[in-house]
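Trainee: Have a look at the structure that comes next, please.
The values are calculated or read from the model by the stated rules, or taken from the named source; none is laboratory data. The shown structure was predicted, so the numbers you read here are calculated from the model rather than taken from an experiment. Here Cβ is always computed from backbone atoms with ideal geometry, including for glycine, and neighbour counts include all displayed protein chains. Note: accessible area is taken over every heavy atom of the protein model, side chains too, but ligands, DNA and RNA are not part of it. Shrake-Rupley method; radii C 1.70, N 1.55, O 1.52, S 1.80 Å.
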Amino acid sequence: MPPLEPVADAGPAAIVLAVLAGSLALFLTDTLRYDLVALLVVLALAVSGALTPAEAFAGFASEPVIVIACLSLFGHALTRWGVGETLSQRLLSGPALRERGLVLRIALISAALAAVMSDVAVVGIMIPMVGGISRSRGIPMARLLMPISFGAFLGDLLLVIGSAKNLAVNGVLAQHGARTFAMFDFTHYGLAVLGMGVLYLAGPGRRLLPRRPSEPSLSERYKVPRFVTEVLVEPSSTLINRNVSDIDLFGQRGITVLGIVRAGGEGTILAPGPYNRIRRDDTLVLQGEPESLVRLRTDLGLRERASVGEGVRRLDSVDVQLVEAVVLAGSTLAGRTLAEADFRERTGLNVLAIAKEGEVQPTSVAQTPLDVGDTLLIQGHLRDLERARRERDLIVLSEVPRPLFGRGAKISIALLAGVLAASLLDLMPLHVAALAGALGLVLTGCVPAKDIYRHVDWLVMILIGGMLALGKAFEKHGLAETLAEQISGWGRGFSTPHVVLALLLATATLLTQTTTSIATAVILTPVALSLAAQLGVDDRAFVMAVLTGTNCAFTSPVAHPANAMVVGPGAYRYRDFLRVGGPLTLLILAAAMFLLPLLWPFQAGS
């Protein structure tokens, strides 16, 4: 198919730079989802003629995209069969463990899991278990949650499959005809970085973690008394003999019936179903905005009966729990309101309050748009909570039963080991081995066929495909070489390999704090290759500098979804990440300046 004619007179290089600037602006402002930005990049490059349609869409069929899809299924299998949970529970058990030992083990376990799973999946596995340890030992959550996400980042450099950005960089290297990384090519470097990182977190970094005062109960933390009241159903009320679902005024005013206290000591129905009938002299426990509750009492002639404190104490029982939950990265709830998601009707759970970055939102619960990392205070029956936990839209922060570790877990581990062995022994390309392993998961029943499309990480796949198109445009129109020449021309000092290495480390680190690590890696890798070529040295250390910098997502809660997921439960502030993550970032960058030239010397390039 012939290339499309450009829509403007500007040269292709100018068009590519404009697309780059536009995509970075969208990433920085978070105006659109990352996958939508990636699709716009592909469309703009194809329509403008900067790339042919075949070139623009080639990234979606690339090896990194195939590997990411297959590894998503492995991550689901390991989670479904409790591999990560079992490993964590066994290694974190032991009454003799003090806080220092717990931080050390939490970071190491997170790193080990992140070597074969996504960082988001690791955080989703670890938060509930660490929350249970926090409650049982009286250690504030803020002392234990940040080491989960930081440990996961440290584990990304252990294997090529440890992170999507590693695979994206391999894709760019393949586009430029450069040597790609094999499975264990930088494991020795990753182990050194991991060792320094966990020692920092268990030592001086632990002293910098926030020390919150004793945590209040969930109802106090979420200011439930402000949003809950009790009303008496008097003999003249129009509510008598009506089902909860029949009373339109509740839903219209955003009010939820949390409980029905029967008259005469007949008991309490918590989280009543739609067919529970309201009787004369019942006491209704209602939740909603204060103004809505006042108007409802006025419209229906209801009388406030008990103190709010009594109502709050009636919100949980043996069968009904009051729990905290976190919106998971990739959740279908992200970007939507509870009303839009039909959350109550779909799950049977009541959301009493929503907190964003630790701050309880005063607006209507049902109409508040949700973001990754938001925490919800939920009331529900145990069966409904367990179903929500399995669906993985939310991380339920309550004690979890020890998961089954049986035949499915053993097969999943064996298949993953086979993929790693095939890559190590160079028996087949990584994407072929990963696809064979993923099919093995389905054929052996470790992953049901109906779960395949639901658990593939489409957002990351589309993001990588779109960014690879941008990388191809950089290569095709010589932009990487142009940028490298400009950098080299800034001064004589910039022509030394060590200074260029430092520049790449700093640039990748700064961009990662504000945009996606995948986009940063794809943009800077061609520049690193061109700089190495102009300096006449091997490119390995420069590419590893890009990977190292894009891995330093330690100083901002928005630098990575894994950080966002621990903000709510840990009640962290931006300054907490800067205080703990800043020294860790400087430590890793300093170590990289020493280790990279040592492990990949600046010898003449081939």
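Trainee: Among the residues of the range 171-183, which ones are touching a Leu at 6+ places or on another chain (Cβ under 9 Å) and surrounded by fewer than 24 Cβ atoms within 10 Å (Cβ to Cβ)?
Mentor: At the first step, the residues of the range 171-183 found to be touching a Leu at 6+ places or on another chain (Cβ under 9 Å) are 171-173, 175-176, 178-183.
Answer for the range 171-183, where residues must be touching a Leu at 6+ places or on another chain (Cβ under 9 Å) and surrounded by fewer than 24 Cβ atoms within 10 Å (Cβ to Cβ): Leu173, Gln175, His176, Ala178, Arg179, Thr180, Phe181, Ala182, Met183.
Trainee: Can you say whether Glu324 is surrounded by 15 or more Cβ atoms within 10 Å (Cβ to Cβ) and either over 18 Å from Ser237 (Cα atoms) or at pLDDT below 75 (or both), as far as the supplied structure shows?
Mentor: Details: surrounded by 15 or more Cβ atoms within 10 Å (Cβ to Cβ): yes; either over 18 Å from Ser237 (Cα atoms) or at pLDDT below 75 (or both): yes.
For Glu324, the condition - surrounded by 15 or more Cβ atoms within 10 Å (Cβ to Cβ) and either over 18 Å from Ser237 (Cα atoms) or at pLDDT below 75 (or both) - is met.
Trainee: Filter the range 120-153 down to the residues that are part of a loop (DSSP other than H, G, I, E, B) and at pLDDT below 90, then identify the one that is nearest to the chain's Cα centre (by Cα). So that I can check it myself, show each step before the final result.
Mentor: Here is the first cut: in the range 120-153, the residues part of a loop (DSSP other than H, G, I, E, B) are 138-140, 144-145.
Applying the additional criterion that residues be at pLDDT below 90 yields 138-140.
Numbers: Gly138: 27, Ile139: 24, Pro140: 22 Å.
Ranking the qualifying residues of the range 120-153, first place goes to Pro140.
Trainee: Taking Phe542 as meeting all but one of (1) modelled with pLDDT of 90 or more; (2) surrounded by fewer than 23 Cβ atoms within 10 Å (Cβ to Cβ), write down the number of the exception.
Mentor: Result: Phe542 fails condition (2) only.
Trainee: Can you tell me which residue among Leu293, Leu208, Leu284 is farther than 20 Å from Ala355 by Cα, open to solvent by 40 Å² or more (accessible area, probe 1.4 Å) and either at pLDDT 80 or above or not small (Gly, Ala, Ser) (or both)?
Mentor: On the way: Leu293 fails: open to solvent by 40 Å² or more (accessible area, probe 1.4 Å); Leu284 fails: open to solvent by 40 Å² or more (accessible area, probe 1.4 Å).
Testing whether each residue is farther than 20 Å from Ala355 by Cα, open to solvent by 40 Å² or more (accessible area, probe 1.4 Å) and either at pLDDT 80 or above or not small (Gly, Ala, Ser) (or both) leaves just Leu208.
Trainee: Being at pLDDT 90 or above and open to solvent by 10 Å² or more (accessible area, probe 1.4 Å): is that true of Asp156 here? Explain how you work it out, then say what you get.
Mentor: Working: at pLDDT 90 or above: yes; open to solvent by 10 Å² or more (accessible area, probe 1.4 Å): no.
The answer is no for Asp156.
Trainee: Would you pick out the residues in the range 13-44 that are touching a Phe, Trp or Tyr at 6+ places or on another chain (Cβ under 8 Å) and within 11 Å of Ile462 (Cα to Cα)?
Mentor: Once the filter is applied, which keeps residues that are touching a Phe, Trp or Tyr at 6+ places or on another chain (Cβ under 8 Å) and within 11 Å of Ile462 (Cα to Cα), the range 13-44 yields Tyr34, Asp35, Val37, Val42.
Trainee: Something else about it: Checking Val103 against (1) out of contact with any Pro (no Cβ under 9 Å at 6 or more places or on another chain); (2) over 20 Å from Val396 (Cβ atoms); (3) not aromatic (Phe, Trp, Tyr): exactly one of these is not met. Which one?
Mentor: (1)
Trainee: Within the range 421-438, can one find any residue that is in contact (Cβ under 8 Å) with a residue 60 or more places away in the chain and assigned to a loop (DSSP other than H, G, I, E, B)?
Mentor: Quick first cut of the range 421-438, residues in contact (Cβ under 8 Å) with a residue 60 or more places away in the chain only: 423-424, 426, 429-431, 434-435, 437-438.
Narrowing further to those that are assigned to a loop (DSSP other than H, G, I, E, B): 426, 429.
Yes; the residues of the range 421-438 include at least one that is in contact (Cβ under 8 Å) with a residue 60 or more places away in the chain and assigned to a loop (DSSP other than H, G, I, E, B).
Trainee: Condition first: free of Cβ contacts under 8 Å to residues at least 24 places away in the same chain and in a helix (DSSP H, G or I). Now tell me which residues in the range 442-464 satisfy that.
Mentor: First, the residues of the range 442-464 that are free of Cβ contacts under 8 Å to residues at least 24 places away in the same chain: 443, 448-450, 453-454.
Those that are free of Cβ contacts under 8 Å to residues at least 24 places away in the same chain and in a helix (DSSP H, G or I): Leu443, Ala449, Lys450, Tyr453, Arg454.
Trainee: Which pairs have Cβ atoms under 7 Å, sit 6 or more apart or on different chains, and link a residue in the range 272-295 that is touching a residue at least 60 places away in the same chain (Cβ under 8 Å) to one that is surrounded by 14 or more Cβ atoms within 10 Å (Cβ to Cβ) and among the hydroxyl-bearing types (Ser, Thr, Tyr)?
Mentor: The qualifying pairs are Gln287/Thr256; Gly288/Thr256; Glu289/Ser364; Leu293/Thr229.
Trainee: Taking the residues in the range 471-491 that are open to solvent by less than 10 Å² (accessible area, probe 1.4 Å) and either over 22 Å from Leu503 (Cα atoms) or in contact with a Leu (Cβ under 6 Å, 6 or more places away or on another chain) (or both) as candidates, determine which candidate is modelled with the highest pLDDT.
Mentor: Per the criteria, the residue is Ala473.
Trainee: Residue check, Ala306 against (1) open to solvent by 30 Å² or more (accessible area, probe 1.4 Å); (2) modelled with pLDDT under 80; (3) part of a loop (DSSP other than H, G, I, E, B), all met but one. Which one?
Mentor: So Ala306 meets the others, but not (1).
Trainee: Return yes or no: is Leu427 over 25 Å from the mean Cα position of the chain (by Cα), open to solvent by 70 Å² or more (accessible area, probe 1.4 Å), hydrophobic (A, V, I, L, M, F, W, C) and modelled with pLDDT of 90 or more?
Mentor: Details: over 25 Å from the mean Cα position of the chain (by Cα): yes; open to solvent by 70 Å² or more (accessible area, probe 1.4 Å): yes; hydrophobic (A, V, I, L, M, F, W, C): yes; modelled with pLDDT of 90 or more: no.
Criteria not met by Leu427.
Trainee: While we're looking at this one, here's another question. Taking the range 505-516, which residues are under 20 Å from Ala591 (Cα atoms) and either open to solvent by 10 Å² or more (accessible area, probe 1.4 Å) or of a type in the set (S, T, N, Q) (or both)?
Mentor: Within the range 505-516, the first condition is being under 20 Å from Ala591 (Cα atoms), and the residues that meet it are 505-513.
Residues satisfying the conditions are Ala506, Thr507, Thr509, Leu510, Leu511, Thr512, Gln513.
Trainee: Could you tell me whether the range 497-513 includes any residue that is at pLDDT below 90 and either closer than 28 Å to Arg80 by Cβ or not in a helix (DSSP H, G or I) (or both)?
Mentor: no
Trainee: Restricted to the range 75-132, and to residues that are of a type in the set (A, V, I, L, M) and open to solvent by 40 Å² or more (accessible area, probe 1.4 Å), which residue is nearest to Leu209 (Cα to Cα)? Please lay out each step first, then the result.
Mentor: Taking the range 75-132 as the starting set, the residues that turn out to be of a type in the set (A, V, I, L, M) are 77-78, 83, 87, 91-92, 96-97, 102-104, 106-109, 111-117, 120-123, 125-127, 129-130.
The next check asks that each one be open to solvent by 40 Å² or more (accessible area, probe 1.4 Å); those that pass are 87, 91, 96, 104, 108, 112.
Working: Leu87: 25, Leu91: 22, Ala96: 22, Leu104: 14, Leu108: 17, Ala112: 22 Å.
If we take residues in the range 75-132 being of a type in the set (A, V, I, L, M) and open to solvent by 40 Å² or more (accessible area, probe 1.4 Å), then Leu104 is nearest to Leu209 (Cα to Cα).
Trainee: Which ones in the range 555-604 are small (Gly, Ala, Ser), in contact (Cβ under 8 Å) with a residue 60 or more places away in the chain and surrounded by 15 or more Cβ atoms within 10 Å (Cβ to Cβ)?
Mentor: Narrowing the range 555-604 to residues small (Gly, Ala, Ser): 556, 559, 562, 564, 568, 570-571, 581-582, 590-592, 604.
When the remaining residues are screened for being in contact (Cβ under 8 Å) with a residue 60 or more places away in the chain, the result is 562, 564, 568, 570-571, 581, 591-592, 604.
Residues satisfying the conditions are Ala562, Ala564, Gly568, Gly570, Ala571, Gly581, Ala591, Ala592.
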